[in-house]
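Written below as structure tokens is the structure these notes are about.
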Protein chains: 2
Amino acid sequence: MQAPVRIAVTGAAGNISYALLFRIAAGDLLGGEQPVILQLLEIPPAMEALRGVVMELEDCAFPLLAGITTSDDAGAAFADADYALLVGSKPRGPGMERGDLLKDNGAIFSGQGRALNDHAARSVKVLVVGNPANTNAFIAAANAPDLDRSQFSAMMRLDHNRATAHLAQKLGIHHADIRKMAVWGNHSATQYPDISHALAKGERARDMVESQWLEEHFIPAIQQRGAAVIKARGASSAASAAAAAIDQMRDWALGTPPDDWISMAVCSDGSYDIEPGLFYSFPVTCDGGRYHIVRDLDISDFSRRRMRITERELQEEREAVKGLVQVVQS
Amino acid sequence: MQAPVRIAVTGAAGNISYALLFRIAAGDLLGGEQPVILQLLEIPPAMEALRGVVMELEDCAFPLLAGITTSDDAGAAFADADYALLVGSKPRGPGMERGDLLKDNGAIFSGQGRALNDHAARSVKVLVVGNPANTNAFIAAANAPDLDRSQFSAMMRLDHNRATAHLAQKLGIHHADIRKMAVWGNHSATQYPDISHALAKGERARDMVESQWLEEHFIPAIQQRGAAVIKARGASSAASAAAAAIDQMRDWALGTPPDDWISMAVCSDGSYDIEPGLFYSFPVTCDGGRYHIVRDLDISDFSRRRMRITERELQEEREAVKGLVQVVQS
């Protein structure tokens, strides 16, 4: 048996984590040979519910689950963590302004960034799931000066998977026959799901659909899919978000399939003229535990406009939280 | 790629199914090479919520998920099903008598038994999760005269896993180091979790614990674990029940590990002097898609008394539903 790896999960008593933890413990993240220790973080009022989740994890007798810790202290939860899934965030309450949402979460993620900086394994990989995910990742990374920005990402895989499935359905083929979907920008309604480079059974998917369907149906449907799920299910996406978190972290850690890529929000290096430092979703490949932004894709004017809109939103979000990122300015 | 198998799940919009479906679609039940088609059954008022669950399943773009159907008709949901997980049942409402609970569920499971009889694959394996699980399995099997009783089982794996984990915790070892736990009887508070034959790192576990701990702590703790989880989590066990359903069906289909067994409620053949025909949990091994009750274990007087108590409860449950099982009398 390999030595266990430490996986920290925040918001561990919440709905997404409830769909996530049991799959991680079953081996869905790192495979059936890799023991894991779960290090679970919650806020004090949720610790009793978390105790119930831990009871259920114990009750599964998962062969790969080597241990569980719980804490309401981020430093303890992140101690020596090899992977950190930052799922917990403050949800938008009734009448809450977007600026206040950004600031409240900014305070959470700046603290978690510092705790990761001070306590996590030096090779830690951090995936931010809690919204606003891109800006939360930006803040966490900015507050972790001893870690590399490339150790942080925000989750875009749910959007990527949704776009892949939606296009496959339109074309009447299985989603596994779609490759090279790309979702650019922010995990928000400004995201740009882009089929310009997508292949359907190896052929250019863009040639198979009408522009009208793309603009009036596909792009808005992916941008607003979360709201559509809430409307039908009466609750926000949890199991599909958990599945996407597993997909993104697994591919980051273990590598993307050959001849394909995934969408992942990472620190911009200026590729595609996106402002450096923003956590922006690009198509990336992964190998050896590192991601590489896919270079030199042709970008149409249609795409460029949409990539700018979502970039602008991320710039505005950064402005709203600038007091929380002193570290990045130094 | 292998041809897809059809997996029917009832109560598909409920909490256990929400924890179950995504794991099945990810390959946790039948492995990473076996495509699956999910055939989901719900009652009409839950069809809109089920539509939301299906949206989320689509949004995952699971490579192994070859299709999804939904219906409020059991015959449609069970059509050609290779596996059926009967998760949905009527929960006990406030002030409801146990007899009424048995009868209401009896009506559901007699109908589902007939639908399985008429529509499922001839080799279907049926796992009843919905409570009262043993008697529901008894009723379903009794109403499926063209299928063999050995194609039905009720879930005892949650109790088995809980007992394994609990004993391991007491002994300060990992639960994977415990083998040959047995849970006898009914999935209820009368169940008898039995460590008489259990091995801890290959040694007799019974010799490592006090009788007082066994009688006053271990047995009641396993019997009442469900209530303890509800108290802590504020909701009944869902993800651990889903994990146990996967474990039980997987081991039944693909085989139990060498030198170990599992606990599974199956149609008694009179082994251990348990009344034939009752769906009673025994230690079983599985291979080639069939279970075999473990024979000739020494049963102490202590064990015998507890095995009788839970047998008696199953006999009483059968009496309460006898109008629903004409087929079994013929």
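The values are calculated or read from the model by the stated rules, or taken from the named source; none is laboratory data. Computed from a prediction, not measured in an experiment: that's the story for all the values here. Note: ideal-geometry Cβ built from the backbone for every residue, glycine included; neighbour counts use all protein chains shown. Please note that ligands, DNA and RNA were not included when accessible areas were found on the heavy atoms of the full protein model with its side chains. Shrake-Rupley method; radii C 1.70, N 1.55, O 1.52, S 1.80 Å.
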Checked against a 28 Å limit on the C-alpha separation, the offending pairs among A:90/A:180; B:90/B:322; B:103/B:125; A:125/A:322 are A:90/A:180
Expressed in nanometres to one decimal, the distance between label points 7 Å along Cα→Cβ at residue A:312 and residue B:3 is 5.6
Out of A:213, A:320, A:242 - ranked by how far each Cα lies towards the positive end of the dipole of chain A, with unit charges on the beta-carbon of charged residues - the top one is A:213
In debye to the nearest 20, the charge dipole size for chain B, taken about the Cα centre with +1 at each Lys and Arg Cβ and -1 at each Asp and Glu Cβ, equals 420
Between the modelled labels at residue A:217 and residue B:43 (7 Å from Cα along Cα→Cβ) the distance in nm is 3.6
Computed Rg/Rh for the protein assembly as shown (Cα atoms; Rh = Kirkwood radius) stands at 1.00
From DSSP H assignment alone, runs of 4+ in chain A each adding -39500 (n - 2.57), the sum over residues rounded to the nearest 500 puts [θ] at 222 nm at -12000 deg cm²/dmol
For segment B:104-203, Rg(Cα) over 2.2 N^0.38 Å is 1.32
Averaged over the residues of B:230-241, the number of partner chain Cβ atoms within 10 Å of each residue's own Cβ comes to 6
Given unit charges at Cβ for Lys, Arg (+) and Asp, Glu (-), the dipole magnitude of the protein assembly as shown about its Cα centre in debye, nearest 20, is 460
The protein assembly as shown accessible area per residue, 1.4 Å probe, protein heavy atoms, integer Å², reads 38
A student asked for the Cα radius of gyration and Dmax of segment B:9-99 in angstrom ought to give 13.9, 48
Distances in nm between the label point of residue A:236 (7 Å along Cα→Cβ) and its equivalents in the other copies, shortest first, are 2.8
Candidate cut points under GluC sites (Glu not before Pro) in segment B:175-226, DSSP loop plus at most 12 other Cβ atoms within 10 Å of their own Cβ, are B:210
So the carbon and sulfur contribution to the accessible area of the protein assembly as shown, 1.4 Å probe, in percent, is 48
Inter-copy distances for residue A:207, nm, shortest first, label points 7 Å along Cα→Cβ, are 7.5
The farthest towards the positive end of the charge dipole of chain A, of the residues A:43, A:289, A:15, given +1 on Cβ of Lys and Arg and -1 on Cβ of Asp and Glu, is A:15
Note on segment B:277-330: alpha-carbon gyration tensor, axes a ≥ b ≥ c; rule is a/c under 1.5 for rounded, else prolate if a/b larger than b/c, else oblate; result oblate
For residue B:18, the accessible surface traced by a 1.4 Å probe with all protein chains present amounts, in square angstrom to the nearest 10, to 40
Here, residue A:92 and residue B:275, labelled 7 Å along Cα→Cβ, have an inter-label distance in nm of 6.1
Expressed in angstrom and ordered largest first, the alpha-carbon extents of segment B:214-319 along the principal axes are 40, 33, 31
With +1 at each Lys and Arg Cβ and -1 at each Asp and Glu Cβ, the charge dipole magnitude of segment A:32-100 around its Cα centre, to the nearest 20 debye, comes out at 300
Here, trypsin sites (Lys or Arg not before Pro) of segment B:244-330 satisfying both criteria (DSSP loop; at most 14 other Cβ within 10 Å) are B:295
Hydrodynamic calc, chain A: Kirkwood Rh from Cα pairs, then Stokes-Einstein at 20 °C with viscosity 1.002 mPa s, so D in µm² s⁻¹ is 107
